[in-house]
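Contents: one structure, followed by commentary.
The values are calculated or read from the model by the stated rules, or taken from the named source; none is laboratory data. Keep in mind it's a predicted model, so treat the numbers as computed, not measured. We place every Cβ from the backbone using ideal geometry, glycine too, and count neighbours over all the protein chains shown.
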Ligand SMILES: Nc1ncnc2c1ncn2[C@@H]1O[C@H](COP(=O)(O)OP(=O)(O)O)[C@@H](O)[C@H]1O
Ligand SMILES: [Mg+2]
């Protein structure tokens, strides 16, 4: 798997406060990567480091193999960045806005007319060509802003909350546009504070909280976690009993993993990762009782991606 964006232990400190705190990111080439986390998690700060707008305090980051600190010009050529704020160019016509940014990227005047027409068509704004930018709806402004990031045909799009503040219809339009851009071969790295916004179209997802990556991977890996996954916690008297539990259940059906945990309050605990149903849980229970091991506690809980995200976004990471 080739990575087009990679960070290693990225840190951004403001005084004593770490906005980004050892974040390692892996964005595969050609992916639609949803960077998800609550407000204040460090998404914008991470993106500002990736786009060379602010220097990391520590750690490393590469885009298309170029270091953001050592080769900022090469990085800027490889990326299109859409910030979370639209900007202050409201007194322009739609086509002038794109013309201005294309000129900033040194695209020749003779090529710009054709380019602008193509971009306007792509984001479905051709009929608004002569409108003033400040007369556009928020959804149209977002699409225009997206068109602007494409002017120099970058390989990677870094989009900060592209669907934020949009009505449901405009959200769908932006999502469809991102899928279309991915089909054109762009890698799309975009942030959102709403899991449902990204889950539908992403190939990959990373959940960030308090400047750190909580979990990241492909949607297939995440779907595996969305499957009901139970943790059975068995409390026994001592380590000897814990070992006995482990060897008894390890080979049972639907038992994924068995871990002996640190003793708590002088008692040993065994965690059984389990993908079976209620009958399966009962079968584990019966097997333990049948083996005459003194069971002091037997409990289970269900874990999935949504509940994990809810826990994370409430700030009660366990
Ligand atoms: N320039 C700055 N100076 C001080 N603190 C900042 C600065 N920029 C961001 N922060 C803080 O860093 C944290 C992460 O912010 P941000 O990256 O904008 O999060 P997100 O985009 O995930 O909402 C927040 O607590 C924010 O207040
Ligand atoms: Mg932000």
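When region 1-17 is filtered for residues that are touching a strand residue (DSSP E or B) at 6+ places or on another chain (Cβ under 8 Å) and away from ligand 2 (no atom under 16 Å from the Cβ), the ones remaining, listed by number, are 1, 2, 3, 4, 5, 6, 7, 8, 9, 11, 13.
Every condition in (1) in contact with a helix residue (DSSP H, G or I) (Cβ under 6 Å, 6 or more places away or on another chain); (2) within 10 Å of ligand 1 (Cβ to nearest atom); (3) touching a residue at least 60 places away in the same chain (Cβ under 8 Å) is met by residue 46 except one, and the failing one is (1). When 114, 128, 93 are checked against the criterion of being in the same structural domain as residue 15 (by TED's automatic domain parsing), touching a strand residue (DSSP E or B) at 6+ places or on another chain (Cβ under 7 Å) and farther than 29 Å from residue 3 by Cα, a single residue qualifies: 93.
Taking the numbered list (1) buried (at least 19 other Cβ atoms within 10 Å of the Cβ); (2) touching a strand residue (DSSP E or B) at 6+ places or on another chain (Cβ under 6 Å); (3) under 29 Å from residue 117 (Cα atoms) in turn, residue 74 passes all entries but (1).
Cβ-Cβ distances below 6 Å connect the following pairs, each with a first residue in region 190-204 that is in the same structural domain as residue 84 (by TED's automatic domain parsing) and within 19 Å of residue 5 (Cα to Cα), a second residue that is within 13 Å of ligand 2 (Cβ to nearest atom) and assigned to a strand (DSSP E or B), and a separation of six or more residues or different chains: 190/159; 191/35; 192/36; 198/36; 198/192.
Does residue 89 satisfy the criteria of being at pLDDT below 95 and more than 13 Å from ligand 2 (Cβ to nearest atom)? Criteria met by residue 89.
Considering only residues in region 59-85 that are over 20 Å from residue 153 (Cα atoms), under 22 Å from the mean Cα position of the chain (by Cα) and in a loop (DSSP other than H, G, I, E, B), the one that is modelled with the highest pLDDT turns out to be 84.
Taking the listed residues 59, 65, the one that is free of Cβ contacts under 8 Å to residues at least 12 places away in the same chain, closer than 12 Å to residue 6 by Cβ and either in contact with a strand residue (DSSP E or B) (Cβ under 9 Å, 6 or more places away or on another chain) or away from ligand 2 (no atom under 14 Å from the Cβ) (or both) is 65, with no other qualifying.
Output yes when any residue across region 169-187 is within 16 Å of ligand 1 (Cβ to nearest atom), outside any strand (DSSP E or B) and at pLDDT 90 or above, and no when none is.
Looking through region 169-187, none of the residues is within 16 Å of ligand 1 (Cβ to nearest atom), outside any strand (DSSP E or B) and at pLDDT 90 or above.
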